1. Hey, any hits in segment 15-24 for a residue that's within 26 Å of residue 152 (Cβ to Cβ), assigned to a helix (DSSP H, G or I) and at pLDDT 85 or above?
2. Kindly list, by first and then second residue, each pair from a residue in segment 73-102 that is in contact (Cβ under 8 Å) with a residue 40 or more places away in the chain and at negative phi to a residue that is surrounded by 15 or more Cβ atoms within 10 Å (Cβ to Cβ) and not in a helix (DSSP H, G or I), limited to pairs with Cβ atoms under 8 Å and residues at least 6 apart or on different chains.
3. Does residue 84 count as in contact with a helix residue (DSSP H, G or I) (Cβ under 6 Å, 6 or more places away or on another chain) and at pLDDT 95 or above?
4. Since residue 36 meets every condition but one in (1) closer than 27 Å to residue 146 by Cα; (2) at pLDDT 90 or above, which condition does it not meet?
5. All but one of (1) touching a residue at least 12 places away in the same chain (Cβ under 8 Å); (2) loosely packed, with under 15 Cβ neighbours inside 10 Å hold for residue 156; which doesn't?
6. Out of curiosity, is residue 162 out of contact with any strand residue (DSSP E or B) (no Cβ under 9 Å at 6 or more places or on another chain), surrounded by 14 or more Cβ atoms within 10 Å (Cβ to Cβ) and over 26 Å from residue 60 (Cβ atoms)?
7. Is it the case that some residue within segment 141-148 is farther than 27 Å from residue 50 by Cα and out of contact with any strand residue (DSSP E or B) (no Cβ under 6 Å at 6 or more places or on another chain)?
8. Only one residue in 73, 101 is at pLDDT below 95 and more than 14 Å from residue 37 (Cα to Cα). Which one?
């Protein structure tokens, strides 16, 4: 359990904050980041929930239905994972377990971002297949997946390794 007198880790020496203050700041930053992503996920999820009501939905191929359903599931998972830090915080509020809360919320958020990337790619696959066909589906899927992988994972991990 953290106390106000705990010393900040060496990589935070320029901040003159206690470990508890660092946890407070980290949690606020994390929840703000989640708010940004959460809105987009909720809009995509709402859109996907209305798709079966569209006139052309019965005409979808088995592949398109499969992509639709997988995308719906992964978008739902993203919403659940990105809402989880807030629920977790509310339940643990004022119990002095903020360091654990920040660690768990970070993991939920990372897993949620993986689901966001998969849901975006899935939505692109579905729409591209409806509009253009297989060749464009492959190119679009590869580019979208590569963009998420490089910008959301590989570049930050490379920078993280360089900072250590």
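1. So far as segment 15-24 goes, yes, one or more of its residues are within 26 Å of residue 152 (Cβ to Cβ), assigned to a helix (DSSP H, G or I) and at pLDDT 85 or above.
2. That search, which allows pairs on different chains as well, returns 98/2; 99/2.
3. Against the criterion (in contact with a helix residue (DSSP H, G or I) (Cβ under 6 Å, 6 or more places away or on another chain) and at pLDDT 95 or above), residue 84 does not qualify.
4. (2)
5. Only one criterion is unmet by residue 156, namely (1).
6. no
7. yes
8. Sole residue among the options that is at pLDDT below 95 and more than 14 Å from residue 37 (Cα to Cα): 101.
The values are calculated or read from the model by the stated rules, or taken from the named source; none is laboratory data. Keep in mind the model is a prediction, meaning the values are calculated, not measured. Positions of Cβ are backbone-derived with ideal geometry, glycine not excepted, and every protein chain shown enters the neighbour counts.
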